[in-house]
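The values are calculated or read from the model by the stated rules, or taken from the named source; none is laboratory data. Only a predicted model underlies this, so the values are computations on that prediction, with no experimental measurement involved. Note that each Cβ is placed from the backbone with ideal geometry, even for glycine, and that neighbours are counted across all protein chains shown. Heads up: the accessible areas ignore ligands, DNA and RNA and are worked out on the full protein's heavy atoms, side chains in. Shrake-Rupley method; radii C 1.70, N 1.55, O 1.52, S 1.80 Å.
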Amino acid sequence: MDTHTHLIHAASRAEEYELKIEGASYEEIARKGGGILNSVRKLRAATSEALKKARSGGVEKFAAYGTTTVEAKSGYGLDIASELKILGLHQELAAEQPLEIVSTFWGRTMVPAEFGERRTERKNNIALLTERLMPEVASQKLAEFCDVFLRSRGVYAGAIETNSRTGKEYGMAPRLHAEQLSRTGAAQLAVELGAASCDHLEQVNKSDIRVLGKSRTVATLLPGCDFHLGLQKYAPARELIDAGAIVSLATDYNPGTSPTLSMPMILSLACTQLRMRPSEAIAAATINAAYGLRRENNIGSLEVGKQADIAVFEVADYREIPYYFGVDHCWMTVKRGRVIHVSKQSPI
Ligand code: NIG
Ligand code: FE
């Protein structure tokens, strides 16, 4: 299962990858109009058909890596028509191919380029999200969850809370991007809001770990971001597990910080960099992940009464799933009892 992706995007950002290798930071690239705004420009320019064509092969690839359910967030649109275009594609893809697509509306509180950066514009943006987009998304039943990212403590904190609470009123359970590049208090806010999941958590402190340890909010770790951005500080998975947190893993598949859709690679990173045991990593990617999507009664484990979502790996020992990294060793993928992928590769 992959519970955190930005599935619909128009193109890779390989040109920025090279700039990062040469020493530019993720934040510097964003300040110069690259980063997320680069993806927003390309997404707005692309037709629905082109976006679908670009991603439908991607959807099949998820199955090739053993993923049977994919959470997908909007958020590269930043205006009404473009956000609805993304959410509409989630709905179409969910209906047209066998993987389960769980749709999340990500009303970014980041101010779109056309609004500029003044306080009044920021307010207009929040009004656009909560008064115009959310009612529309809810009435067309385009999303099951809502998401936000509290990037910095200051100006956006109130907006984030309003956004999540409004989403909840419209029947979309909150998820939060929390404590990725700096600590902002988002993890504890997620628990207070009763969020289904809070994701990233590289910068959590001891008090956040204690609060998450006592909560039902899933701690979703995304080590692909740290790996791709070359950051040293991975989320404190061991402390979270020891505190009793429900730890899950996902790819964060997106063109800026984690261009991978391989869950086996994420399991390898979880074991090697986060010091999770193979059994913990597998539980994180299956039953804990299902809990974070509020689907624990249907998927996430092989039990009588659940739908048969199965990934079979060509290995001699379950620990070899994370042990072999960057190697395609998923042999067969089954969704709702139906074989949807069989590997043509020879075993390792
Ligand atoms: O919005 N999980 C994070 N997602 C990213 C997407 C990054 C990007 O496109 O650069 C974010 O920060
Ligand atoms: Fe993300």
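Name the one entry in Leu229, Leu269 that is more than 23 Å from Asp328 (Cβ to Cβ) and within 16 Å of ligand 1 (Cβ to nearest atom).
Answer to the check: Leu229.
Within segment 127-159, if we keep just the residues that are within 16 Å of ligand 1 (Cβ to nearest atom) and touching a helix residue (DSSP H, G or I) at 6+ places or on another chain (Cβ under 7 Å), the residue that is farthest from His6 (Cα to Cα) turns out to be Ala159.
Report the residue count in segment 48-94 for those that are in a helix (DSSP H, G or I) and either more than 18 Å from Arg338 (Cβ to Cβ) or out of contact with any strand residue (DSSP E or B) (no Cβ under 7 Å at 6 or more places or on another chain) (or both).
Taking segment 48-94 first, the residues in a helix (DSSP H, G or I) are 48-64, 80-94.
Next, only the ones that are either more than 18 Å from Arg338 (Cβ to Cβ) or out of contact with any strand residue (DSSP E or B) (no Cβ under 7 Å at 6 or more places or on another chain) (or both) stay: 48-61, 80-92.
Number satisfying all stated conditions: 27.
Within segment 63-86, being within 16 Å of ligand 2 (Cβ to nearest atom) and either among the hydrophobic types (A, V, I, L, M, F, W, C) or touching a Cys at 6+ places or on another chain (Cβ under 6 Å) (or both) holds for Val70, Ala72, Leu78, Ile86. Can you pull out every residue in segment 244-274 that is part of a helix (DSSP H, G or I) and not β-branched (Val, Ile, Thr)? Within segment 244-274, Met263, Pro264, Met265, Leu267, Ser268, Leu269, Ala270, Cys271 qualify. Residues in segment 197-216 that are away from ligand 1 (no atom under 16 Å from the Cβ) and touching a Lys or Arg at 6+ places or on another chain (Cβ under 9 Å): Asn205, Asp208.
No other residue among Ile340, Ile299 is in contact with an Asp or Glu (Cβ under 7 Å, 6 or more places away or on another chain) and aliphatic (A, V, I, L, M) apart from Ile299. Count of segment 325-338 residues, restricted to those that are out of contact with any Gly (no Cβ under 6 Å at 6 or more places or on another chain), closer than 24 Å to Ile101 by Cβ and either surrounded by 15 or more Cβ atoms within 10 Å (Cβ to Cβ) or of a type in the set (D, E, K, R) (or both), is 7. Of the residues that make up segment 313-324, is at least one assigned to a loop (DSSP other than H, G, I, E, B) and surrounded by 20 or more Cβ atoms within 10 Å (Cβ to Cβ)? No, every residue in segment 313-324 fails to be assigned to a loop (DSSP other than H, G, I, E, B) and surrounded by 20 or more Cβ atoms within 10 Å (Cβ to Cβ). Among the residues making up segment 325-348, a single one is in a loop (DSSP other than H, G, I, E, B) and aromatic (Phe, Trp, Tyr): Phe325. Within segment 12-30, the set of residues being out of contact with any Leu (no Cβ under 9 Å at 6 or more places or on another chain) and within 12 Å of ligand 1 (Cβ to nearest atom) comprises Ser12, Arg13, Glu16, Tyr17. What about Ser197, is it under 20 Å from Ile246 (Cα atoms) and surrounded by fewer than 17 Cβ atoms within 10 Å (Cβ to Cβ)? No: the conditions fail for Ser197.
When Gly33 is tested against (1) within 14 Å of ligand 1 (Cβ to nearest atom); (2) in a helix (DSSP H, G or I); (3) open to solvent by 10 Å² or more (accessible area, probe 1.4 Å), just one condition goes unmet, and that condition is (2).
Scanning segment 232-254 for residues that are out of contact with any helix residue (DSSP H, G or I) (no Cβ under 6 Å at 6 or more places or on another chain) and within 16 Å of ligand 2 (Cβ to nearest atom) turns up Ala235, Ala250, Tyr253, Asn254. Residues in segment 230-245 that are open to solvent by less than 30 Å² (accessible area, probe 1.4 Å) and more than 26 Å from Gly35 (Cα to Cα): Pro236, Ala237, Leu240, Ala245.
Taking into account only those residues within segment 295-348 that are among the small types (Gly, Ala, Ser) and closer than 19 Å to Ala285 by Cα, which is nearest to the chain's Cα centre (by Cα)?
Quick first cut of segment 295-348, residues among the small types (Gly, Ala, Ser) only: 300-301, 305, 308, 311, 316, 326, 337, 343, 346.
Within this subset, residues satisfying the condition of being closer than 19 Å to Ala285 by Cα are 300-301, 308, 311, 326.
Values: Gly300: 17, Ser301: 21, Ala308: 23, Ala311: 20, Gly326: 20 Å.
Here the residue is Gly300.
Pull out all pairs, ordered by first then second residue, where Cβ-Cβ is under 6 Å, the residues are six or more apart or on different chains, the first lies in segment 5-21 and is farther than 23 Å from Trp106 by Cβ, and the second is within 13 Å of ligand 2 (Cβ to nearest atom) and among the acidic types (Asp, Glu). So the pair list comes out empty. Being without any contact (Cβ under 8 Å) to a residue 60 or more places away in the chain, crowded, with 23+ Cβ neighbours inside 10 Å and part of a loop (DSSP other than H, G, I, E, B) is the filter here; which residues of segment 275-301 pass it? Correct list: Met276 only. Can you find a residue that is modelled with pLDDT of 95 or more, outside any helix (DSSP H, G or I), within 16 Å of ligand 1 (Cβ to nearest atom) and more than 18 Å from Arg151 (Cα to Cα) anywhere in segment 233-243? Within segment 233-243, not a single residue is modelled with pLDDT of 95 or more, outside any helix (DSSP H, G or I), within 16 Å of ligand 1 (Cβ to nearest atom) and more than 18 Å from Arg151 (Cα to Cα).
Against the list (1) open to solvent by 10 Å² or more (accessible area, probe 1.4 Å); (2) more than 17 Å from Leu150 (Cα to Cα); (3) not β-branched (Val, Ile, Thr), the condition Leu181 fails is (2).
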